[in-house]
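**Q** Take this structure first; my questions come after.
The numbers here are math on the coordinates, done by the rules we state, and not lab data. Fair warning: this is a prediction, and the values are worked out from it, not measured in the lab. Neighbour counts are summed over all protein chains in view; Cβ atoms, including those assigned to glycine, are modelled from backbone coordinates with ideal geometry.
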């Protein structure tokens with residue numbers, strides 16, 4: 001009799017508490033060292049909310065009650081909010097992942113065991129130091145400069161723009177500038193979902209330095225040529241002098 005009652009109760013519960021999604025997946029973005037809230041809509045929530053990540057039930061929250069920590073690693077890391085939502089503090093890269101909140105929701109006597117899903121991504125704050133601009137100057141009759149904007153970080157979008165609003169020849173994160181205008185500034189902007197930062201350069205300055213360096217190189221090369229010519233002249237004079245001296249000594253010996 002009890003056995004049949006248990007089967008009937010299981011069938012009843014399976015029909016009455018059908019587990020599914022409570023809504024669309026929530027995408028949560030946080031910064032390293034910052035805080036985020038896994039927000040729960042309290043309307044229709046009945047009882048407690050159990051929190052999971054990778055199958056690990058690490059905490060339980062309930063509206064108007066204190067949080068219950070089930071995994072000691074989350075002590076001082078997560079806190080319960082008044083409405084049952086979960087506060088996570090001091091975010092680290094290892095915190096990213098998919099979190100699931102299982103709860104019983106229902107209205108008008110129709111209850112459903114459902115899951116709230118949160119996809120957490122954690123990003124570092126970009127600073128000016130995160131951007132490095134590499135360059136290469138090609139000096140012929142014209143000046144061509146290539147710049148490569150390099151940014152450390154994940155999920156970073158790089159964009160180039162210039163101060164005169166003209167088209168920029170961009171290939172991935174690389175730009176090519178031919179005969180740059182002295183007054184035009186180029187800016188590399190790096191963005192991730194949390195922040196953005198920029199660094200600006202003036203291509204003309206690199207051309208000017210290239211011309212100066214080229215001029216210095218020619219000057220140094222000419223000085224080296226002059227010094228070599230002088231050394232060769234001195235050596236030639238010494239050899240010639242030695243030869244003449246030898247001939248004079250030989251002639252004196254023959255006359256004797």
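**Q** Between residue 94 and residue 65, what length comes free when the chain is fully extended (0.36 nm per residue of separation minus the Cα-Cα distance, one decimal in nm)?
**A** Values: separation 29, 0.36 × 29 = 10.44 nm, distance 2.80 nm.
Contour length minus the Cα-Cα distance gives 7.6 nm.
**Q** What is the fewest-to-most order of 28, 43, 150 by other Cβ atoms lying within 10 Å of their Cβ?
**A** Least crowded to most crowded, the residues run 43, 150, 28.
**Q** Rounded to the nearest 5, what % of the DSSP beta bridges within the range 18-123 are antiparallel ones? Each step should come with its number before you reach the end.
**A** Working: 31 of 39 bridges.
Of those bridges, close to 80 percent are antiparallel.
**Q** Extension gain residue 54-residue 117, at 0.36 nm per residue separation less the Cα-Cα distance, in nm?
**A** Additional length available on full extension: 21.5 nm.
**Q** Follow-up question, since we're still on this one. How large, in Å, is the range 18-123 by the Kirkwood hydrodynamic radius built from its alpha-carbon pairs?
**A** Evaluated on the range 18-123, it is 13.9 Å.
**Q** Taking 2.2 N^0.38 Å as the expected size of a compact globular protein, what ratio does the Cα radius of gyration of the range 63-105 give against it, to two decimals? Each step should come with its number before you reach the end.
**A** Details: Rg = 11.3 Å, N = 43, 2.2 N^0.38 = 9.2 Å.
Its radius of gyration relative to the 2.2 N^0.38 Å reference: 1.23.
**Q** What order, most packed first, do the peptides 69-78, 56-65 have when packing is the mean number of other Cβ atoms within 10 Å of each residue? Mind showing how you got there, number by number?
**A** Numbers: 69-78: 13.9, 56-65: 16.9.
Descending packing order for the listed peptides: 56-65, 69-78.
**Q** Calculate, for residue 35 and residue 159, the FRET efficiency according to 1/(1 + (r/R0)^6) with r their C-beta to C-beta distance and R0 25 Å; round to the nearest 0.05.
**A** Approximately 0.30, to the nearest 0.05.
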